[in-house]
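In what follows, a structure is listed as structure tokens, so that the remarks can point back to it.
What follows draws every value from the coordinates through simple rules; no lab data is involved. Just so it is clear, the model here is predicted, and its values are computed rather than measured. Backbone-built Cβ (ideal geometry, glycine too); neighbour counts: all protein chains shown.
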Amino acid sequence: MSEANASATRITPGNALRPEDIALLETRPADAVAQYALWLGDDALILAQRLGWWISRAPELEEDVALANIALDQIGHARSFLTYAGRAWDKTEDDLAYFRREPEFRSVHLVEQPNGDFARTIARQLVVALYQWELYSRLVDSADPTLAAIAAKAVKEVDYHRDHSTQWVLRLALGTEESRRRMIAGLKLTWPYVEELFTDHPLIDELGETGVRPSSLRAPFDAALQAVLDEAELELPAVPGAVGGGRLGRHSEHLGYILAELQVLAREHPGASW
Amino acid sequence: MTTTATTPESRVDHDAAGERLFDELIAQDSRIEPRDWMPADYRKSLTRQISQHAHSEIIGMQPEANWITRAPSLKRKAVLMAKVQDEAGHGLYLYSAAETLGTPRDRMTEDLIAGKARYSSIFNYPVLTWADIGAIGWLVDGAAICNQVPLCRASYGPYGRAMVRICKEESFHQRQGFEILLELANGTPEQRAMAQDAVNRWYAPSLMMFGPPDEESPNSQKSMEWKIKRFSNDELRSRFVGMMVEQIRVLGLELPDKDVRFDEETGRWEHGPLDWKEFREVLAGRGPCNAQRLERRREAHEEGAWVREAAAAYAQKQALKTAQAA
């Protein structure tokens, strides 16, 4: 990011950037940039909602703390992306999170998938963390200084998520017979939803140097995943990819329930502040 | 998880020099450390108190976690997640402090799940509305702070030190709870009614968190002599009522107690009668959520067993590999 941009937005990459700061920005993102911010924000929001369920239910207390950390990081990223997207349409992060209907969400099917057992959650976490790391480590060079700044903060946090899920994949795959069986099953259930992460959409062509082309992340993602699977003595699941559609507002059957729970209280009291 | 801890059984139970030192340290208001000699009853009483406190943190995660997925704004959701995460952290330090007295965490967890160990009864009440999240922070964490601040000076070192950190985080939680209620009290009529209803339901149970009246509290006397506990149940309760009287005015809500008054003669805040029968019922396991809370803890523990076994097996294999490579 250039010096001039940095001073114009009062943001420098790597500095703690709060959603409250983004809300005060004078610049408004173009509609396409805001749509792209929704993609990333919705992924993080729905994942945080899923991970939040584990807090008080994890296999050990240390893991309640770790999963809560990851969920908190994701909710932080969601708040920043949604706040920025909302600047384009005079909406707040909460307007977007609580008062959009299901087809208006842009999350991928992967983050909507049920937690299942701990192995299934870890399989989903591994895929998400590797993908988000590849994505954010490129988005730091975005032509949009706000997206770059959000990514600069997120990439450091997601680096820890990568490590967390990698360590657990190794423990589960190489631990006991039962844990290995569950890890293999978890990966298999997760695998159909991987392809959607790397599907390009026309929106990306409009973004130019602002966004990261999903298909460009596939090769580095595959290499990173293969390295983990090799060490864990696991094979890529031999299951076909599923047709996605989240970026177009066509979601899995799970999202309706997730939103029903997420939005219930806010929608009972429209216009109230909390 | 496997845990290691010092084994008190291996130590000589009676040690005249050790006992003299213990008495001196207590008299000087100094600290007893894990390797010091201590009377068996001191160890037992502390283990009971610290493990109950740890269990309360862990069970206490459940009622609040119940609202994480429904929190009405993203900021509140993040704050609530962080709060419940802090509670897991408090449970961890407290179990560690209790382990220094010789009881492994596994055994404490088993006692909890088997219904043999106690935890704070307050968590057996249901958390019905979002305002309850505010009332728990303000009243329940507020009462916990009154109880816990003196424990920072508890004679047992690891407990006192754990409490210093816990109290800092608890006071942050209390401010958050107050802020939730303040926002609701100044919100729509429905939000305001929700806030008052929550205060009405949590007021008496939070007063009972200080334990039975002094004349009926069997464990208190010895704990005070040993300087684990510094103030009596009734003293702390009265202090808490005084604080709440101040703060409820700022909220613009009411305490559901017409008998609250400052007694000039005793210098204490007095409150209306509390339903100790209900307290004993909940303590005996007949509260609205006792069975639910224990079942949820048992379920998480048992369903996590294969994960903990995998982690232990993996660690063992890695250690073996390292040893073979050496």
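Only helices enter the 222 nm calculation for chain B: every DSSP H run of n ≥ 4 contributes -39,500 (n - 2.57), and dividing by all residues gives -20500 deg cm²/dmol, rounded to 500.
Across chain B the C-alpha pair distances fall into 10 Å bins from zero in the proportions 5, 23, 31, 23, 12, 4, 1, 0 percent. For residue B:107, neighbours were defined as the other residues whose beta-carbon sits under 12 Å from its Cβ, and their charges (Lys and Arg +1, Asp and Glu -1) total -2. Under 5 Å between amide hydrogens, built in the peptide plane, is the criterion, and for residue B:32 it picks out B:156, B:157 among residues at least 5 positions away or on other chains.
Just rank B:199, B:164, B:260, fewest to most, by other beta-carbon atoms within 10 angstrom.
Numbers: B:199 25, B:164 13, B:260 17.
Ranked by crowding around the Cβ, least crowded first: B:164, B:260, B:199.
Here the range A:52-164 is treated as a Stokes sphere of Kirkwood radius computed over C-alpha pairs; at 25 °C and 0.890 mPa s its diffusion coefficient rounds to 161 µm²/s.
Rg/Rh for the range B:117-271 stands at 0.98; both radii use Cα atoms, and Rh follows the Kirkwood definition. Taking 10 °C and 1.306 mPa s as conditions, the protein assembly as shown diffuses translationally at an estimated 60 µm²/s according to Stokes-Einstein applied to its Kirkwood radius (Cα pairs). Any idea what log10 I(q)/I(0) is at q = 0.12, 0.20, 0.24 Å⁻¹ for the range B:34-138, Debye with uniform C-alpha scatterers and no solvent? Summing over Cα pairs of the range B:34-138 leads to -0.47, -0.98, -1.23.
Based on DSSP loop calls and a cut-off of at most 10 other Cβ atoms within 10 Å, the longest stretch of chain B free of exposed GluC sites (Glu not before Pro) is what? Longest gap between qualifying sites, sites excluded: B:1-263.
For the range B:135-175, with only Lys/Arg (+1) and Asp/Glu (-1) charged at the beta-carbon, what is the dipole magnitude about the Cα centre, in debye rounded to 20?
That gives the range B:135-175 a dipole magnitude of about 160 debye.
Arrange the following residues from fewest to most other Cβ atoms within 10 Å of their Cβ: A:99, B:210, B:279.
Values: A:99 14, B:210 24, B:279 19.
Fewest-to-most ranking of A:99, B:210, B:279: A:99, B:279, B:210.
Convex hull over the Cα atoms of the range A:176-274, averaged projected area in nm²? Provide the component values of the computation, followed by the final result.
Working: hull surface 42.2 nm².
Taking a quarter of the hull surface, the average projection is 10.6 nm².
Remark on the range A:107-253: hydrodynamic radius 15.9 angstrom, per the Kirkwood mean of 1/r across alpha carbon pairs.
Shielding by partners for peptide A:69-80, expressed as the average number of C-beta atoms from other protein chains within 10 Å of each residue's C-beta, is 3. Legend: translational diffusion of the range B:255-326 by Stokes-Einstein, Rh = Kirkwood radius over C-alpha pairs, 20 °C, 1.002 mPa s; D = 120 µm²/s.
Considering only A:152, A:238, A:142, and ranking their Cα positions along the charge dipole of the range A:133-256 that arises from unit charges at the beta-carbon of Lys, Arg, Asp and Glu, the one farthest toward the positive end is A:238.
With the convex hull drawn around the C-alpha atoms of chain A, the volume per residue stands at 126 Å³.
Write out the GluC sites (Glu not before Pro) in the range A:175-274 meeting two conditions: DSSP loop, and at most 16 other Cβ atoms within 10 Å of their Cβ. Intermediate values should be presented prior to the final figure.
Details: sites: A:177, A:178, A:195, A:196, A:206, A:209, A:231, A:233, A:235, A:253, A:261, A:268; in loops: A:209, A:233, A:235, A:253.
Loop-located and lightly packed - A:209, A:233, A:235, A:253.
Once you keep just the Cα pairs under 8 angstrom separated by 6 or more residues, what percentage relative contact order results for chain B? The partial results should precede the final answer.
Numbers: 379 pairs, mean separation 61.0, N = 326.
Once divided by the residue count of chain B, the mean separation gives 19 percent.
Two tests apply to each whole DSSP H helix in chain B, Cα reach of 18 Å or more along its axis and mean Kyte-Doolittle hydropathy of at least -1.0, and the ones passing both are B:40-65, B:74-99, B:157-185, B:189-208, B:233-251, B:305-325.
Divide by every residue of chain A the summed helix terms, -39500 (n - 2.57) for each DSSP H run of at least 4, and state the resulting mean residue ellipticity at 222 nm, rounded to the nearest 500 deg cm²/dmol.
Values: 12 runs with 173 residues, N = 274.
Result for chain A: -20500 deg cm²/dmol, rounded to the nearest 500.
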